[in-house]
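The block underneath contains the structure these notes are about, expressed in structure tokens.
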Amino acid sequence: MKQTIEALILQAVETLKTSGVLDINTLPSVTIERCRDAQHGDFATNLALLLAKPAKTNPRQLAEKILAALPAHEAVTKVEIAGPGFINFFINPNRQYAIIPTIHELGRDFGLSTVGEGKKVQVEFVSANPTGPLHVGHGRGAAYGSVVADLLQAVGFEVHREYYVNDAGRQMDILATSIWLRYLEECGEVLVFPSNGYRGDYVREIAWKIHKASANQYHQPIAAVLENIPADEPQGGDKDVYIDALIERAKTLLGLENYREVFQVGLQDILQDIKVDLSEFGVDYQHWFSEQQLMDDGSVEKALNRLRETDYLYEQDGATWFASSRLGDEKDRVVVRENGQYTYFASDIAYHHHKLERGFDQIIDIWGADHHGYIPRVRAAMRALGADDSKLTVLLVQFAILYRGEEKVSMSTRSGDFVTLRQLRNEVGKDAARFFYAMRRSEQHMDFDLKLATSKTNENPVFYVQYAHARVCSVLRQLDEKGWQRNLPLGMDNLTLLSTEHETALLGTLARYPEVVEKAALQYEPHQLILYLRDLAHEFHTYYNAHQFLVDDAPLRDARLNLVCAVKQVLANGLGLLAINTPETM
RNA sequence: GCGCCCGUAGCUCAGCUGGAUAGAGUAAUCGGCUACGAACCGAUCGGUCGGGAGUUCGAAUCUCUCCGGGCGCACCA
């Protein structure tokens, strides 16, 4: 319908142009909105307001001319000018019933579209370091990223979901060393755990598993481990120097091969946990991309060579720098450290180079908001690699602050004192967790109230939407119990009986669904879909309370059932996009 | 200090590519089950859109400035 009106307007503008009334070349993007107030009709455009200035006339006069040039259309019953110069369109009420057979025919496909034109888009999200289980902070990125990906797919993009596994680098060495130290404790050694080590219980569990599987194979006396090692921070030393020394010692005492084994067991154990966790949360990937692989197959070297060829690399103070400041970054960045090791940024350049080479039309990175300062250097890298950095879209997800009622839940990662995503799922369930995460704009700092999400009362918005779906199912069960059968064609033939204001409102809301999906997808805003579903559920509940569906009058009954089943279908489609269940009973 | 995000009803948030009277939920008060599920519905109450200035037909929305909160500013990831 919206497209129809847009076509009519464009035609009118063309007419005015040829007749010389309008002397403009560029047309501002025409906005056609659904009216909030029914008195203003069904659709409105502010075209005359926008064109008044370039046309050197006042908005209302221009609106008159547009109106005169507007071709007639059977669906449009009335067009009028209102307010400062809005043009309001009134749609033939009989047109609105068509949405019900449309929904019935398309079923699960209702709401899908092809605006993405099959373009290849890669969405990378979560990508948390595999140094521990996912916590509730990652949950928001997971929920947001997966819904953005699913939305894009729904509107016709070819979506590739990817998790970048930071399985190389210092943090992983700290993890491996932490595991080994816990393992030594399993062997009976007594030690003070490094202040910069990973102290979560999962580290002990991995150590315990290794010890169980291979007994004392990796055992070394603690005295040998600590010999000539500088002091840790609490003893007046530096915690980074201390842990680095321990890492080196672990490698020496264990030998590289044994060290690798401990490292790999830790990595695989945690990675597997993350994979299962996300999968149970309704998040699935096409690819888990290894950073180590970039190191091993020469991708990092290759990418850096590209930069060197184009003269963006230079040596200084023993390190290799990328001249990102020439491309918009605030300063240059080290890519190879003095000790010869690549920085995280070096492999990230290679990773984005790799993404570009894979031929994606669009690359979407979803990061925690704390990484926002990182954006300019990645863009700089893409440009230095000769790519168009407008291919890259970085979406930032703000942190969620956890509350349990009034009480703030503390979060400290290194100490192991944090609420995991798994705990959250166990406590509030997948559906509520996803719904809560996706309910807010991603850039919005959000308060996540565990108590509210857990509550099974009317305070919980998840149940509100699910309940609407279950209610329709319940109506259908009641129909059966009363010995009636739903007569679908009879209902379709009598849709014009749906004339109460509740029914009209529902028809309009149902028709809006594809627009909502498209907008939510193109703007990367899942919360718009959630708000819509709440609206739809609300209108349904209101309707339910106002009118009996299972009436004796069969044509009316079947017409209402067809409407209500359309609501059920759209609720299911919308919740499906959010990977939230649609229960038949609650 | 510099950069990014945010500030809207008591609370949690929509609305932000400028548009018609600023909306939900929740809390508070009142009302609705002999009804297809009351996990629901209806009504009332509740606002200097953080403050100020500017841009124009028109600003919660754009610009500037100040205030307040969050996050960044590594040869960490």
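Determine the dipole magnitude for chain A: charges of +1 sit on the beta-carbon of Lys and Arg, -1 on that of Asp and Glu, nothing else is charged, the reference point is the Cα centre, and the result goes in debye to the nearest 20.
1280 debye
Angle of helix A:59-69 to the longest C-alpha principal axis of chain A, folded into 0 to 90 degrees and rounded to 10: 70°. Checked against a 28 Å cut-off, the cross-linked pairs A:209/A:302; A:212/A:408; A:355/A:430; A:355/A:408; A:212/A:251 give Cα-Cα distances beyond that limit for A:209/A:302; A:212/A:408; A:355/A:430; A:355/A:408.
Mind checking the log10 I(q)/I(0) for segment A:51-130 at q = 0.14, 0.16, 0.19, 0.26 Å⁻¹? Debye, one equal scatterer per Cα, no solvent, two decimals. So the normalised log intensities work out to -0.79, -0.85, -0.92, -1.17. Among DSSP beta bridges lying fully in chain A, give the percent that are antiparallel, nearest 5. Taking every DSSP beta bridge with both residues in chain A, the antiparallel ones total about 50 percent. Exposure proxy for A:383, A:377: other Cβ atoms within 10 Å of each Cβ, ordered fewest to most, give A:383, A:377. Amide H contacts for residue A:448 (H built 1.01 Å from N in the peptide plane; partners 5 or more residues away or on another chain; cut-off under 5 Å): A:401, A:402, A:403. In segment A:197-319, the alpha-carbon atoms span a convex hull of 199 Å³ per residue. Entry note, segment A:218-267: relative contact order of 31 percent, from Cα contacts under 8 Å with a spacing of 6+ residues. Among A:279, A:290, a tally of other beta-carbon atoms within 10 Å of each Cβ gives an order, fewest to most, of A:279, A:290.
Using the Kirkwood formula on the Cα atoms of segment A:88-159, what hydrodynamic radius do you get, in angstrom to one decimal? That comes to 15.4 Å for segment A:88-159.
Work out, in µm²/s and without decimals, the Stokes-Einstein translational diffusion coefficient of segment A:512-586 at 10 °C, 1.306 mPa s, Rh from Kirkwood over C-alpha pairs.
Working: Rh = 13.6 Å.
So the translational diffusion coefficient is about 117 µm²/s.
The relative contact order of chain A comes to 15 percent, based on Cα pairs under 8 Å that sit 6 or more residues apart.
For segment A:434-547, dividing the convex hull volume of the Cα atoms by the residue count gives 132 Å³ per residue. If R0 equals 30 Å, the separation of the Cβ atoms of residue A:337 and residue A:271 corresponds to a calculated FRET efficiency of about 0.70.
Charge tally around residue A:116: other residues with Cβ under 11 Å, Lys/Arg +1 each, Asp/Glu -1 each, net -2. When you filter the trypsin sites (Lys or Arg not before Pro) in segment A:37-138 for DSSP loop state and at most 11 other Cβ atoms inside 10 Å of their Cβ, you are left with A:56. Principal-axis analysis of the Cα atoms of chain A puts helix A:526-546 at an angle of about 50° to the longest axis.
The mean sequence separation of alpha-carbon pairs under 8 Å and at least six residues apart, normalised by the residue count of segment A:68-132, gives a relative contact order of 18 percent. At 20 °C and a viscosity of 1.002 mPa s, what translational diffusion coefficient does Stokes-Einstein give for chain A, taking Rh as the Kirkwood radius over Cα pairs? Give it in µm²/s as a whole number. For the chosen part, D equals 76 µm²/s. The convex hull built on the alpha-carbon positions of segment A:188-260 has an orientation-averaged projected area of 5.1 nm².
Each value in this text was obtained by applying a stated rule to the coordinates, not by laboratory testing. Here the structure is a predicted model, which is why all the values come from computation and not from measurement. Heads up, the Cβs are rebuilt from the backbone with ideal geometry, glycines too, and the neighbour counts pull from every protein chain shown.
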